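Presented below is the structure to which this report refers.
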Amino acid sequence: MAYKPQYGPGTSIVAENRRKQMNPGQKLEKVRSVTDEDIVLILGHRAPGSAYPTAHPPLAEQQEVNCPMRKLVKPTEGAKAGDRVRYIQFADSMFNAPSQPYQRTYTEMYRFRGIDPGTLSGRQIVECRERDLEKYAKDLIETEMFDPALVGIRGATVHGHSLRLAEDGMMFDMLQRNVLGEDGIVKYVKNQIGEPLDRAVAVGKPMDEKWLKAHTTIFHSLVGTAYRDDAEYVEYVQRIHSLRTKYGFMPKEE
Amino acid sequence: MTNAAFPQARIVPLRMLKPGTAERLLNMLAGIAGIRRMMIHGPGLPKTVPYGPARGSPNPHSDRTAIRVADAEIALRVQVGTVILEVEDASVIEEIRSLCDDFFVEFPYLLQVGKFMKTTPTLVDYARYGPDADGSLIGLTDPRKGESPVILRTEQ
């Protein structure tokens, strides 16, 4: 029988969303649309319309060594062209943001190629070749993994994921990269490292509370689904914890 | 430096306050007789970008603005998260509670009673203010910033 990954335990909506994001067979719902130029502006790695700077000549122009692995693994578009490695970093609020650092890394590892994610408690960075990055960033921003108010695209100075939200529901950002306009649309006025943009980049309206609760991947006993309400998840984590603890004593399952 | 005889309280709204709301809240508190000292606390809003490739470039932020409380102008350097108060006696805390119950209608708040201000000068306070510092001012501002507290004169 072919192996079928289960992605994760749990019976709650949070567990279901985690599995949904990780499973590359499931198409993520597209919630908003952002143009390629807007993505380039937010990332701030190159001017829109300019050529991709390269780190090495395109693979086609190079004498490749005779290596079986290179024959087996096809290079991504960015690697083929010799692009630089660049990054995007997200900070996700604990108040029902639709994705979370570890979740992002799992998801990206299942869905994308040629990436190097870095996971921290409040932020998650993913590095890859520039033109691949722009494609992946578009996916990450346009789909249900993003919320304009509760997810921040922050290359530096990320503080805010665990803080109370502002009165208007926005996650705290020391650099105020994104602002909620009078029209209810969130606009990026600075790129991810905090340099002012020539024009504001709209990323859509913040999602409402009900949507967030139904699409979040974090347990939160006050504003969302409580962890202890998902008995299967608790049982799974307790089992892992128990086996890890007993590992040194050569555990045998009864 | 605080005197253990005076009770302290802390107002913790469940949302961080915008300058306009903070101004209204502080003006309401300034009208209460019996508040000795008050401190605004929250995450900082630096004037320049502190980290990353854009370090040192200006950081425009709409919430880093000046608010007017009673007769004084206060330049906000933080997003207002909590307000810490030292009062004359416990009855003032009840007065604050009844006013805050009417003030926070769009989102809830907590009024905590405890010790929230410094009780003794630290080494940094000593280095900055010396041995004969005015005890009532210690703990109200960051000694590293070189800013002094604002004194509010109300009509009461």
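Throughout, read-outs are computed from the coordinates displayed, never taken from laboratory work. Keep in mind that what you see is a predicted model, and the values were worked out from it rather than measured. FYI the Cβ positions are ideal-geometry reconstructions off the backbone, even for glycines, and counts take in every protein chain you see.
At a threshold of 8 angstrom on Cα-Cα distance, excluding pairs fewer than six apart, so keeping six or more, what relative contact order does chain A reach in percent?
Answer for chain A is 24 percent.
Under the Karplus relation 6.51 cos²θ - 1.76 cosθ + 1.60, θ = phi - 60°, what is the ordered set of whole-Hz ³J(HN,Hα) values for the stretch A:71-80, x standing for Gly and Pro?
6, 6, 9, 7, x, 6, 4, x, 5, 4
Rounded to whole Å and sorted largest first, list the principal axis extents of the Cα atoms in the stretch A:121-254.
64, 36, 25
Give the long-range amide H neighbours of residue A:202: residues separated by 5 or more places, or on another chain, with amide H under 5 Å away, using H modelled in the peptide plane at 1.01 Å from N.
HN-HN under 5 Å from residue A:202: A:188.
How high is the FRET efficiency between residue A:116 and residue B:132 when r is their beta carbon distance and R₀ equals 60 Å, given to the nearest 0.05?
Using R0 = 60 Å, I get an efficiency of 0.55.
Between residue B:90 and residue B:77, what is the spin-label point distance in nm, taking each point 7 Å from the Cα along the Cα→C-beta axis?
3.6 nm
How big is Rg to Rh over the protein assembly as shown, alpha-carbon atoms, Rh as the Kirkwood inverse-mean-distance radius?
The Rg/Rh ratio comes out at 1.05.
Could you order peptides B:6-14, A:52-60, B:90-98, A:126-134 by the average number of other Cβ atoms within 10 Å of their residues, highest first?
Most protected by this proxy first, the peptides run A:126-134, B:6-14, B:90-98, A:52-60.
Is the shape of the stretch B:44-156 best called rounded, prolate or oblate, per the rule: a/c under 1.5 gives rounded, else a/b larger than b/c gives prolate, else oblate, with a ≥ b ≥ c the square roots of the Cα gyration tensor eigenvalues?
Note, shape of the stretch B:44-156 comes out oblate.
When Lys and Arg each count +1 and Asp and Glu each count -1, what net charge do the other residues less than 10 Å away from residue A:79, Cβ to Cβ, add up to?
My count for the surroundings of residue A:79 gives +2.
What does the extension gain come out to for residue A:11 and residue A:37, with contour length at 0.36 nm per residue minus their alpha carbon separation?
Result: 5.4 nm gained on full extension.
Under the rule of -39500 (n - 2.57) per DSSP H run of 4 or more residues, summed and divided by the residues of chain A, what mean residue ellipticity at 222 nm is obtained, to the nearest 500 deg cm²/dmol?
Helix-only estimate at 222 nm: -8500 deg cm²/dmol.
Past the 17 angstrom mark, what percentage of all C-alpha to C-alpha distances in the stretch B:1-68 do you count?
The share of Cα pairs beyond 17 Å in the stretch B:1-68 comes to 58 percent.
Run the paramagnetic zone check for residue B:68: 7 angstrom along Cα to Cβ, then residues of the stretch B:22-51 with backbone nitrogen under 17 Å.
Counting only backbone N, you get B:22-31.
Using amide H atoms built in the peptide plane, which far-off residues or other-chain residues are under 5 Å from residue A:55 H to H?
Under 5 Å from the amide H of residue A:55: A:83, A:84.
Where does the stretch A:13-249 land on the Kirkwood hydrodynamic radius, alpha-carbon pairs, in angstrom?
Here the Kirkwood hydrodynamic radius works out to 19.3 Å.
Which of the pairs A:190/B:115; A:30/A:210; A:187/B:145; A:187/B:18 have their Cα atoms more than 29 Å apart in this structure?
Listed pairs above 29 Å: A:190/B:115; A:187/B:145.
How far apart, in nanometres, would the label points at residue A:211 and residue A:2 be if each is projected 7 angstrom from Cα along the Cα-to-Cβ direction?
The answer from the label model is 3.5 nm.
Along Cα→Cβ, 7 Å out, is where each label goes; now give me the distance between the ones at residue B:98 and residue B:120 in nm to one decimal.
3.9 nm
Work out the mean other chain Cβ neighbour count within 10 Å for the residues of B:12-20 and drop it here as an integer.
For this peptide, the per-residue mean of nearby foreign Cβ atoms is 3.
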